[in-house]
Amino acid sequence: MSDKVKLTQLRHVSQLLLDVRLMKLERATQARQESLDRLSELNRPAPPGDLNPVIAGEVAMRYQLWADQRRSAINLVLARQTVAWTEARRDASEAFGRNQIIGKLQDGTK
């Protein structure tokens, strides 16, 4: 098998690997963004209601307690997602670099 054929096959494999790594990065990015969006929604103020001010204050305090617990849970998930996103980004970057190098080698043999 000639070097040209080997490089063509290697470029094909390299491109497939890059595509897979980019898909993983996209999934990690979407999952992380969903968590960030959920955190953002918890920070939105509640619309004013027709409640008695004392009851409205109690409702607001209970909501804040619930929201704090949700933030804590979401932040744990977000930390894991950020690690996964960082690793996926690194892997995609490496795959891109390899693909570019193989492409240059392939162009050099033409």
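Can you name the number of the only condition in (1) assigned to a helix (DSSP H, G or I); (2) without any contact (Cβ under 8 Å) to a residue 12 or more places away in the chain; (3) over 30 Å from G103 (Cα atoms) that S35 fails?
(2)
For region 90-110, how many residues are closer than 13 Å to L17 by Cβ, among the acidic types (D, E) and exposed (fewer than 15 other Cβ atoms within 10 Å of the Cβ)?
The qualifying residues number 1.
Under 7 Å between Cβ atoms, which residue pairs at least 6 apart in sequence (or on different chains) link something in region 52-69 that is touching a residue at least 12 places away in the same chain (Cβ under 8 Å) and under 15 Å from S40 (Cα atoms) with a partner that is part of a helix (DSSP H, G or I) and hydrophobic (A, V, I, L, M, F, W, C)?
So the pair list comes out as A67/L42.
Within region 12-31, is even one residue farther than 29 Å from K104 by Cα and either of a type in the set (A, V, I, L, M, F, W, C) or touching a strand residue (DSSP E or B) at 6+ places or on another chain (Cβ under 7 Å) (or both)?
yes
Tally time: how many residues in region 47-67 are within 20 Å of D37 (Cβ to Cβ) and surrounded by 11 or more Cβ atoms within 10 Å (Cβ to Cβ)?
The initial filter retains those residues of region 47-67 that are within 20 Å of D37 (Cβ to Cβ), namely 47, 63-64, 66-67.
Those still in the list that are surrounded by 11 or more Cβ atoms within 10 Å (Cβ to Cβ) too: 63-64, 66-67.
Total meeting the criteria: 4.
Scan (1) loosely packed, with under 12 Cβ neighbours inside 10 Å; (2) in a helix (DSSP H, G or I) for the single condition R44 breaks and write down its number.
Checking R44 against (1) loosely packed, with under 12 Cβ neighbours inside 10 Å; (2) in a helix (DSSP H, G or I), the one that fails is (2).
Just give me the residues in region 1-40 being loosely packed, with under 12 Cβ neighbours inside 10 Å and either over 23 Å from E87 (Cα atoms) or of a type in the set (S, T, Y) (or both), in sequence order.
Passing the criteria: M1, S2, D3, K4, V5, Q9, H12, S40.
Could you run through region 4-32 and say how many residues are touching a residue at least 40 places away in the same chain (Cβ under 8 Å), closer than 18 Å to N99 by Cβ and not β-branched (V, I, T)?
Residues flagged as touching a residue at least 40 places away in the same chain (Cβ under 8 Å), closer than 18 Å to N99 by Cβ and not β-branched (V, I, T) within region 4-32 amount to 12.
Results for (1) among the small types (G, A, S); (2) modelled with pLDDT under 95; (3) under 23 Å from the mean Cα position of the chain (by Cα), shown as yes or no for each residue.
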{"residue": "H12", "(1), (2), (3)": "no, no, no"}
{"residue": "Q15", "(1), (2), (3)": "no, no, yes"}
{"residue": "N52", "(1), (2), (3)": "no, yes, no"}
{"residue": "V59", "(1), (2), (3)": "no, yes, no"}
{"residue": "A73", "(1), (2), (3)": "yes, no, yes"}
{"residue": "Q81", "(1), (2), (3)": "no, no, yes"}
{"residue": "E94", "(1), (2), (3)": "no, no, yes"}
{"residue": "N99", "(1), (2), (3)": "no, no, yes"}
{"residue": "G108", "(1), (2), (3)": "yes, yes, no"}
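The values are calculated or read from the model by the stated rules, or taken from the named source; none is laboratory data. Small disclaimer: the values here were computed from a predicted structure and weren't measured. We place every Cβ from the backbone using ideal geometry, glycine too, and count neighbours over all the protein chains shown.
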